[in-house]
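Working notes for the structure below.
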Amino acid sequence: MKIIVLDGYTENPGDLSWKGLEAFGDLTVYDRTSPNDEKEAIDRIGDAEIIFTNKTPITKQVLDSAPNLRFIGVLATGYNVVDVAYARQKGIPVSNVPAYGTASVSQFAIALLLEACHHIGHHDGAVKGGRWASNPDWCFWDYPLIELENKTMGIIGFGRIGQATGRIAKALGMHILAHDIFPNDSGRQIGEYVSLNTLLEKSDVIVLHCNLTPENTGLISNETISKMKDGVILINNARGQLVVESDLAEALKAGKVAAAGLDVVSTEPIKPDNPLLTAPNCILTPHISWAPLESRKRIMDCSVENLKAFLEGAPVHVVNP
């Protein structure tokens, strides 16, 4: 059996093993396949029966050019890079990896928030640049420093990751508001479910942990920002398209939003003209919330189990049943 991994480098830059997949057949791993070159993907897939992709698009044309393809594994939770409806028409199951990054993504959301509150990276650079050694006072700070205890965090999307972030924030002494279309008892133990407008109006910190849907694309815009407290902090390590980036950049310039910590943007890699690159008090990281070794190992292990289950005739984590 021929197995192809189209873009394996971000999942495994060398600190994991592909042996689990190698056990099932003839495995070829490509570090990268161009997301803009269907022909490259088609040529690499060839007569393979099994493929794995992270961000390489599997379009209708790619599917029609893969006559032997039987199974598609996505090395991630999001599967929008695959034309899942057309794959279903062709009888090809697509399996993803759910719930692998709960701990790492929630931890990263808090890391972005703490950086916005304390500017640790900036002050580390200032010390190493000699400013503390030459300072006339015994300490200095270049930004307002923010204490989080007794402040309110509003979390939009209160599933596994949102609740994990809420638990950490609660341990910091914060009050938790949540907005989710599926309230549940575990969420009620952490925070209070409220309407979106109430969350926007009452939160000192707003964290996005929701899935991207047609209904919430552009959720953070001039309209919703206008309902927020002056000086609110926004954290987004969910999906970049949740934010109208030009509107957020203007709100940062005006001071309406005091700071933003973003691990995702609307087009990735980020484009040089993205307005957030020049917005004040905007922390940008390159979509790495998911990337700790422990998290990536869970992706690898689950992908192996997904393939094993398919070959045994009982596929799991299928997103196009």
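Structure summary
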| quantity | calculated |
| --- | --- |
| Lone unmet requirement of (1) under 18 Å from the mean Cα position of the chain (by Cα); (2) modelled with pLDDT of 95 or more for Gly125 | (1) |
| Positions within segment 276-288 being in a helix (DSSP H, G or I) and crowded, with 16+ Cβ neighbours inside 10 Å, in sequence order | Leu276 |
| Residues of segment 235-283 classified as β-branched (Val, Ile, Thr) and more than 18 Å from Ala111 (Cβ to Cβ), total | 6 |
| Qualifying position, being more than 26 Å from Val97 (Cα to Cα), open to solvent by 70 Å² or more (accessible area, probe 1.4 Å) and of a type in the set (A, V, I, L, M, F, W, C), among Ala254, Ala259 | Ala254 |
| Lone qualifier among Asp15, Asp7, Asp43 - being charged (D, E, K, R), in contact with a Leu (Cβ under 9 Å, 6 or more places away or on another chain) and open to solvent by 30 Å² or more (accessible area, probe 1.4 Å) | Asp15 |
| Those residues of segment 289-310 which are open to solvent by 50 Å² or more (accessible area, probe 1.4 Å) and in contact with a Phe, Trp or Tyr (Cβ under 7 Å, 6 or more places away or on another chain), in sequence order | Arg298 |
| Matching residues in segment 103-118 - criterion: being open to solvent by 30 Å² or more (accessible area, probe 1.4 Å) and of a type in the set (Ser, Thr, Tyr) | none |
| Complete set of residues in segment 262-274 that are closer than 16 Å to Val244 by Cβ, of a type outside the set (Ser, Thr, Tyr) and open to solvent by 40 Å² or more (accessible area, probe 1.4 Å) | Ile270, Lys271, Asp273 |
| Spans of helices (runs of 4 or more DSSP H) in segment 163-240 with at least 2 residues surrounded by fewer than 21 Cβ atoms within 10 Å (Cβ to Cβ), at pLDDT 95 or above and touching a helix residue (DSSP H, G or I) at 6+ places or on another chain (Cβ under 7 Å) | 185-188, 222-225 |
| Among the candidates Leu177, Leu145, Leu196, residue that is touching a residue at least 24 places away in the same chain (Cβ under 8 Å) and out of contact with any strand residue (DSSP E or B) (no Cβ under 9 Å at 6 or more places or on another chain) | Leu145 |
| Test: residue in segment 98-107 that is touching a Phe, Trp or Tyr at 6+ places or on another chain (Cβ under 8 Å), under 30 Å from Val81 (Cβ atoms) and part of a helix (DSSP H, G or I) | yes |
| Residue within segment 119-129 that is open to solvent by 20 Å² or more (accessible area, probe 1.4 Å) and touching a Gly at 6+ places or on another chain (Cβ under 8 Å) present | no |
| Condition met for Lys55 (part of a loop (DSSP other than H, G, I, E, B) and open to solvent by 70 Å² or more (accessible area, probe 1.4 Å)) | yes |
| Test for Gly78: is it part of a loop (DSSP other than H, G, I, E, B) and open to solvent by less than 30 Å² (accessible area, probe 1.4 Å) | yes |
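To keep it simple, each residue is scored yes or no on (1) among the polar types (S, T, N, Q); (2) part of a loop (DSSP other than H, G, I, E, B); (3) surrounded by fewer than 14 Cβ atoms within 10 Å (Cβ to Cβ); (4) free of Cβ contacts under 8 Å to residues at least 40 places away in the same chain.
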| residue | (1), (2), (3), (4) |
| --- | --- |
| Ile3 | no, no, no, no |
| Arg32 | no, yes, no, yes |
| Asn68 | yes, yes, yes, no |
| Ile72 | no, no, no, yes |
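The values are calculated or read from the model by the stated rules, or taken from the named source; none is laboratory data. Remember, predicted model here, so these are calculated numbers, not experimental data. Every residue, glycine as well, gets a Cβ built from its backbone with ideal geometry; the counts of neighbours run over all protein chains shown. For accessibility, only protein heavy atoms count, side chains too; no ligands or nucleic acids. Shrake-Rupley method; radii C 1.70, N 1.55, O 1.52, S 1.80 Å.
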